[in-house]
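Asker: Encoded as structure tokens, here's the structure I'll be asking about.
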Amino acid sequence: MKSTTKRKNKGLVKNGPLLLIALPGITYLIINNYIPMFGVFLAFKDYNYVKGIFGSDWCGFKNFEYLFSQDAFTIARNTILYNLAFIILGTIAAIFVAILMSELGTKFRVKFFQSSLLLPNILSWVVIGFVGFAFLNSDTGFINNTVIELFGGKDVAWYTTPKYWPIILTIVFMWKNVGYSSIIYMASIAGIDKSIFEAAKIDGATKLEQIKHITIPMLRPTVTILTLMAIGRIFYSDFGLFYQVPMNSGALYDVTQTIDTYVYHGLMELNNVGMSAAAGLYQSVIGFVLVISANAVVRKVDNDNALF
């Protein structure tokens, strides 16, 4: 018994500094992610501000019925397809940028281009929305008055023409996030043993062959983990991207409305707290199931790269 206690005390002393370092992150997770879980039952209540959280009447699955009653297919389709495009294209672009950055050579060039690529991620979606408006405004926008006019085309009413927005939103998302996402892949590339590249170079491998047969295969564990984590949030969307960039234009709802923006409109127009809670629970449960399922597939195909 004493030996067990001594081992525990030694382990606590040994890992104490690491626990202290992790304490702010653990505290944030508990406050932001775990304590709000006690409010899950709001998804099954007809929330009334006068009666309060515990005094409000139970309503069963009524909030879920409202969530799926209007345009459920369109909203779910937009959320899933956009996220799939962001995961696939974003991963490819981030790896491509990371490889280019790792091959730049001098530290000055790396820092310059890295800072340039990170700059869009620092900007808020409100700023980006107005930058987009400066480009796409049908009256004074740069695209209509410079690019289209230069080639003799007809002006486009961008904020009332839905067919262009899947491409626009994808381009804006990539521009803002690829630089930030590439940092993780750059760190993974930096961790690859340089002797492997030297041996390949001695054997006559070109730079492209080194990237194809060494760099990309070595990045597979990182790609797998980040993809699994992204799949867990496939039913969530970046609210700023889908609300600020299209300027909340009602004419574009068919291609810009996602679960998050739909819930926001429900709260603003109907003040329906229960529906918001139901949407959050629905997103969390589906995300959990998708992560478990995707991880099970990865574990069968390549057990070493599974998340758990």
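Asker: Of all the residues that make up the range 184-228, how many are of a type in the set (A, V, I, L, M) and free of Cβ contacts under 8 Å to residues at least 24 places away in the same chain? Give the derivation first.
Answerer: Taking the range 184-228 as the starting set, the residues that turn out to be of a type in the set (A, V, I, L, M) are 184, 186-187, 189-190, 192, 196, 199-200, 202, 205, 208, 211, 214, 216, 218-219, 223, 225-226, 228.
If we keep only those that are free of Cβ contacts under 8 Å to residues at least 24 places away in the same chain too, we end up with 187, 196, 199-200, 202, 205, 208, 214.
Number of matching residues: 8.
Asker: Could you go through the range 209-218 and let me know if any residue there is closer than 30 Å to Pro166 by Cβ, open to solvent by less than 50 Å² (accessible area, probe 1.4 Å) and either of a type in the set (Val, Ile, Thr) or at pLDDT 90 or above (or both).
Answerer: There is no residue in the range 209-218 that is closer than 30 Å to Pro166 by Cβ, open to solvent by less than 50 Å² (accessible area, probe 1.4 Å) and either of a type in the set (Val, Ile, Thr) or at pLDDT 90 or above (or both).
Asker: Next question. Considering only the range 227-250, state which residues are over 15 Å from Ile168 (Cβ atoms), surrounded by fewer than 16 Cβ atoms within 10 Å (Cβ to Cβ) and among the small types (Gly, Ala, Ser).
Answerer: Gly250
Asker: Consider only pairs whose beta carbons are under 7 Å apart and that are at least six residues apart or on different chains; among these, list those whose first residue lies in the range 42-60 and is at pLDDT 85 or above and assigned to a strand (DSSP E or B) and whose second residue is open to solvent by 80 Å² or more (accessible area, probe 1.4 Å) and of a type in the set (Phe, Trp, Tyr).
Answerer: Lys45/Trp58
Asker: Going residue by residue through the range 101-118, is there one that turns out to be loosely packed, with under 14 Cβ neighbours inside 10 Å, farther than 30 Å from Val223 by Cβ and touching a residue at least 40 places away in the same chain (Cβ under 8 Å)?
Answerer: no
Asker: Additional query: So which residues in the range 146-160 are part of a helix (DSSP H, G or I), over 19 Å from Met247 (Cα atoms) and open to solvent by less than 60 Å² (accessible area, probe 1.4 Å)?
Answerer: Val147, Ile148
Asker: Looking at Ile171, Ile143, which one is assigned to a helix (DSSP H, G or I) and open to solvent by 60 Å² or more (accessible area, probe 1.4 Å)?
Answerer: It is Ile171.
Asker: Answer with yes or no whether Thr91 is over 30 Å from Lys207 (Cα atoms), in a helix (DSSP H, G or I) and polar (S, T, N, Q).
Answerer: Details: over 30 Å from Lys207 (Cα atoms): no; in a helix (DSSP H, G or I): yes; polar (S, T, N, Q): yes.
No: the conditions fail for Thr91.
Asker: Name every residue in the range 251-271 that is of a type in the set (Ser, Thr, Tyr) and surrounded by 21 or more Cβ atoms within 10 Å (Cβ to Cβ), in order of residue number.
Answerer: Thr256, Thr258, Thr261, Tyr262
Asker: Starting from the range 144-155, keep only residues that are over 15 Å from Gly132 (Cβ atoms), then list their pairs with residues that are charged (D, E, K, R) whose Cβ atoms are within a distance under 7 Å, requiring at least 6 positions of separation or different chains.
Answerer: Close Cβ pairs (under 7 Å, with a partner that is charged (D, E, K, R)) amount to Ile148/Asp155.
The values are calculated or read from the model by the stated rules, or taken from the named source; none is laboratory data. Since we're looking at a predicted model, the values are computed, not measured. Note that each Cβ is placed from the backbone with ideal geometry, even for glycine, and that neighbours are counted across all protein chains shown. Heavy atoms of the whole protein, side chains included, go into the accessibility calculation; ligands, DNA and RNA do not. Shrake-Rupley method; radii C 1.70, N 1.55, O 1.52, S 1.80 Å.
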